[in-house]
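Only one structure is covered here, and it is reproduced in the block below.
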Amino acid sequence: MRLNRTLQAPHSSLVSGARLVAAVAVLLAATACGSSDSGSSSATGLNPPDLKAQSKLGKTEGQVNLVAWAGYVEDGSNDPKVDWVGDFEKQTGCQVNSKVAASSDEMVKLMKTGQYDAVSASGDASLRLIASGDAAPVNTSLVPNYKDVFSGLKNGAWNSVDGKMYGIPHGRGANLLMYNTQKVTPAPTSWSAVFDDASKYKGHVTAYDSPIYIADAALYLKATKPELKIKDPYALDQKQFDAAVALLKKQSANVGEYWSDYLKEISAFKSGDSVVGTTWQVIANLAQDEGAKVKALVPKEGSTGWSDTWMISAKAKHPNCAYKWMDWIISPKVNAQVAEYFGEAPANSKACAETSDKSFCDTFHAADETYWKNIAFWNTPIEQCLDGRTDVKCVPYAKWVQAWTEIKG
């Protein structure tokens, strides 16, 4: 679940707070998903209903109903200076009605009602919507700005099946390793700083408070324990899962705080209560702005991360307005506004020329596809292994939730 909070800051505003995925308590066992690697071709074994994408745009219907993360559909009511809905309504005649969802699970439930035309789904929701037939394929030729979307966001394992796009990419972000430059020396280059070497900083290690953090341990083990043969940190058989849980239980003895509130993490790094742990780029920026002596990086093993996609409902009552919205939200100027306000890399390559902070895209690695190849975007673990294995069952997310409670003690 993402906790809704508002943050005003020089670099950006983080509106959706912690991107916790723990709300997915009951998984659809029939849903099969793809590799979590950025830009991979399609979802392994996923056989969604044979739905057709819209062939052409018709007359707009006068309104569009959206489900979105907080900060994605701003009309000036939260901040008079933040409004990209007003101009959309003027230019298209489509009145925007939006519902803020607190979790991916809520998004899936809302989309199943048929009352909403489009949703800003994360990877743990998008494939469920595809598998259940609640999301329709998207005709990208009807979205002119799609041509300028970064290649690494197209045909992802979380938003496409067999080369067929089921949405329009919105933005992306990575989970980073942050450290106090005065207290953590030499500068870390590996996640070992929070795992195998965590005892050096006992009581001052911080970790992300979510069952999905088990994937971070799995990512580290993928690199350091090749005998486990982990291919995908979201596709863990029982042995692999047990190893990740064991690593996290060992780490727990050194963790001073599990964070889900970015303000608390910033405060902890400023005070010295935390000296090393996971973070997001926007939090690192804000911590530096407030005087904390910190740096953040993607360690040599890579990192986990997220990518959000605008998807259209298979039952959309206002599909033409929905298509207009999808094109609008990734248009260069608007996509730049959203990215800066939310604190993430924009999807449109031309958005970087429109940001108010001209170094924003460099800071968030927006155009660096080599950087994103090292990010394993969030996915929902299910029994049918996401890495394509058929000789074993993988541990489903419900078991991740149970294990997380044990890990934290």
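The values are calculated or read from the model by the stated rules, or taken from the named source; none is laboratory data. Quick caveat: nothing in here was measured; it's all calculated off a predicted structure. Neighbour counts are summed over all protein chains in view; Cβ atoms, including those assigned to glycine, are modelled from backbone coordinates with ideal geometry.
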Please find, within the stretch 191-206, the residue that is nearest to L263 (Cα to Cα) out of those that are out of contact with any Leu (no Cβ under 8 Å at 6 or more places or on another chain) and not in a helix (DSSP H, G or I). T206
Read through the list (1) part of a strand (DSSP E or B); (2) touching a Pro at 6+ places or on another chain (Cβ under 6 Å), then give the number of the only condition that L176 fails. (2)
With the condition being within 16 Å of the chain's Cα centre (by Cα), I'd like the helices (runs of 4 or more DSSP H) fully within the stretch 41-138 carrying at least 3 qualifying residues. 104-112, 123-131
Are any residues in the stretch 138-163 surrounded by fewer than 17 Cβ atoms within 10 Å (Cβ to Cβ) and either of a type in the set (D, E, K, R) or within 27 Å of G277 (Cβ to Cβ) (or both), and if so, which ones? K147, D148, D162
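Give me the residue from the stretch 290-346 that is in a helix (DSSP H, G or I) and aliphatic (A, V, I, L, M) and, out of that set, surrounded by the fewest Cβ atoms within 10 Å (Cβ to Cβ).
Ranking the candidates gives V334 first.
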Looking at the stretch 168-180, is at least one residue over 20 Å from Q281 (Cα atoms) and buried (at least 24 other Cβ atoms within 10 Å of the Cβ)? yes
Restrict the check to the stretch 267-274 and report whether at least one residue is crowded, with 22+ Cβ neighbours inside 10 Å and assigned to a helix (DSSP H, G or I). yes
Counting only residues that are assigned to a helix (DSSP H, G or I) and free of Cβ contacts under 8 Å to residues at least 60 places away in the same chain, which one in the stretch 347-356 is surrounded by the fewest Cβ atoms within 10 Å (Cβ to Cβ)? A353
Quick check, is Q95 polar (S, T, N, Q), in contact with an Asp or Glu (Cβ under 7 Å, 6 or more places away or on another chain), surrounded by 12 or more Cβ atoms within 10 Å (Cβ to Cβ) and not assigned by TED's automatic domain parsing to the domain that holds R389? yes
Would the stretch 216-227 turn up any residue that is at pLDDT 95 or above and assigned to a loop (DSSP other than H, G, I, E, B)? yes
If we ask which residues in the stretch 360-409 are of a type in the set (S, T, N, Q) and either in contact with an Asp or Glu (Cβ under 6 Å, 6 or more places away or on another chain) or in a loop (DSSP other than H, G, I, E, B) (or both), their number turns out to be 5
Residues Y234, Y213: which one is in a loop (DSSP other than H, G, I, E, B), crowded, with 16+ Cβ neighbours inside 10 Å, among the aromatic types (F, W, Y) and in contact with a helix residue (DSSP H, G or I) (Cβ under 8 Å, 6 or more places away or on another chain)? Y234
Please find, among A339, A367, the residue that is in contact with a Gly (Cβ under 7 Å, 6 or more places away or on another chain), among the aliphatic types (A, V, I, L, M), touching a residue at least 40 places away in the same chain (Cβ under 8 Å) and under 22 Å from M165 (Cβ atoms). A339
Residue in the stretch 368-387 that is modelled with the highest pLDDT, counting only those that are over 21 Å from Y220 (Cβ atoms) and out of contact with any Lys or Arg (no Cβ under 8 Å at 6 or more places or on another chain): D368
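Tell me, yes or no, whether the stretch 163-176 has at least one residue that is more than 20 Å from the chain's Cα centre (by Cα) and either within 24 Å of Q402 (Cβ to Cβ) or among the hydroxyl-bearing types (S, T, Y) (or both).
Within the stretch 163-176, none of the residues are more than 20 Å from the chain's Cα centre (by Cα) and either within 24 Å of Q402 (Cβ to Cβ) or among the hydroxyl-bearing types (S, T, Y) (or both).
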Do you know which residues across the stretch 197-210 are surrounded by fewer than 16 Cβ atoms within 10 Å (Cβ to Cβ) and in contact (Cβ under 8 Å) with a residue 40 or more places away in the chain? S199, K202, G203
What are the pairs with Cβ atoms under 6 angstrom where one residue, in the stretch 58-77, is over 11 Å from N97 (Cα atoms) and of a type in the set (S, T, Y) and the other, located anywhere, is at pLDDT 95 or above and not in a strand (DSSP E or B)? Sequence gap at least six, or different chains. T60/T92; T60/G93; T60/C94; T60/N320; T60/C321
With the checklist (1) within 19 Å of the chain's Cα centre (by Cα); (2) surrounded by 15 or more Cβ atoms within 10 Å (Cβ to Cβ) in hand, flag the one item C394 doesn't pass. (1)
